[in-house]
Every structure is written in structure tokens, then in C-alpha cells.
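Note sheet for the following structure.
Just so it is clear, none of the values below were taken in a lab; they were calculated from the coordinates. Since the model is a prediction, treat every value here as computed from it, not as a measurement. Positions of Cβ are generated from backbone atoms using ideal geometry, with glycine treated the same way; all protein chains shown enter the neighbour counts.
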Amino acid sequence: LMPSWVFSLPRPSSAHSHTIVDGVRLQLVYPQLWSVREPHLYRLCATLHAGSSNDTAALDILNTTIGLRSIDWSGKHLKLNEKEVHIRGFSHHSDFGGVGGAVPDRINVFRANALRSVGGNWWRTSHNPYRPAVYDILDRTGVLCWYDFSHALVGVLLATPKFSTQSNWRQLIHQ
């Protein structure tokens with residue numbers, strides 16, 4: 001395990017952004033890393049206060065889960081937390097017989113567990129965004145996810161001058 005991980009939120013780069021907190025820093029000593037064998041998750045709680053101190057009223061609270069991992073795909077194989085991982089998985093569509101696109105979470109839990117039961121660790125999405133609950137299920141079950149955005153969207157973006165430059169494509173893919 002890596003001895004500690006430090007996360008910092010940089011200042012916003014846009015002149016139109018508003019900085020409420022300048023340089024949030026979080027340090028975890030000997031964190032348990034997320035992996036396909038042991039999908040350890042941390043709970044992160046972010047609170048927005050009315051004033052400059054934590055003693056003021058909370059305006060908003062966001063609770064989410066995060067998994068800490070390092071990913072390297074610079075060689076022939078994917079490395080997760082500096083260990084080689086062989087990708088085994090399936091392509092999925094965000095629909096299911098009898099319910100169409102209104103897939104209940106229990107079906108996606110079933111799919112993720114079925115994937116794991118046959119030695120799978122990789123879920124490829126099908127050309128459109130999934131509900132956030134699906135990504136949470138994959139995180140909890142130790143399944144890596146490859147997000148595949150729509151080919152139809154690519155056609156729309158190619159026709160849009162804003163997205164026609166290489167740097168904008170890099171930004172889109174990074175997101």
C-alpha cells in the first residue's frame with residue numbers, strides 16, 4: 001500500500017468561477033485502495049456553510065462514496081494500484097426485457113453479480129449515459145467500467161464548430 005495520498009482541489013481557472021474555499025486539502029494515511037478483489041469505498045461528506053466558519057448553518061450537504069485507486073495503461077496491460085489486471089467482461093445495454101429503459105437497480109445488481117460470478121471485472125456501457133446508481137453498483141461490486149459515448153453524439157459534435165478542434169476533443173474524452 002502507498003503510505004499516504006494527498007488530495008488538493010485547485011483554484012478554479014475561469015475568471016467567472018467563485019472560490020468559496022481556497023485550496024481544500026485532504027490527507028489519508030495508509031488508505032485501503034479500491035480493487036476488483038477488494039472494492040473498498042470511503043464515504044465523503046461535503047458541507048456548504050452560510051459563513052466562513054463551520055459554526056454557521058449548513059446550506060447544503062453532499063454525501064458520496066469514493067474509491068481510491070491508481071490506474072496505468074501505458075504498457076500492454078492495464079495496471080490497477082501497480083498490479084496487472086486482465087480485463088474480462090461484457091458490453092451492456094441500459095435496457096432489460098419487460099421494462100425497457102426503466103431498469104430497476106436490483107436488475108443491475110443482478111447483472112454485476114452475474115458478471116463477477118463468471119470471473120468478469122469489466123462493464124462496457126452502451127453509447128449513452130447510465131443513471132448514477134449503476135456506477136455506484138459497479139463500484140460496490142468491484143467492477144471496472146468503460147464509458148462508451150454515443151456515435152450519434154460524435155456526429156453532432158463534429159458538425160458543431162466548438163468541438164471541431166483537437167483540444168476540445170481531448171477535453172470531452174477526459175470528462
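Using a Förster distance of 30 Å, how high is the FRET efficiency between V109 and C45, based on the Cβ-Cβ distance and rounded to 0.05?
That pair, V109 with C45, gives E of 0.75.
Work out Dmax and Rg for region 43-99 from the C-alpha atoms and quote the Rg first, both in angstrom.
In order Rg, Dmax, the Cα atoms of region 43-99 give 20.4, 52 Å.
How much length is gained on full extension from R116 to W73, taking 0.36 nm per residue of separation minus their Cα-Cα distance?
Here the answer is 13.3 nm.
Output wanted: per-residue J couplings in Hz (rounded whole) for region 56-72, from phi through Karplus 6.51 cos²θ - 1.76 cosθ + 1.60, θ = phi - 60°, x for Gly and Pro.
Result, ordered by residue: 7, 5, 7, 7, 7, 9, 10, 10, 8, 10, 9, x, 9, 7, 10, 10, 9 Hz.
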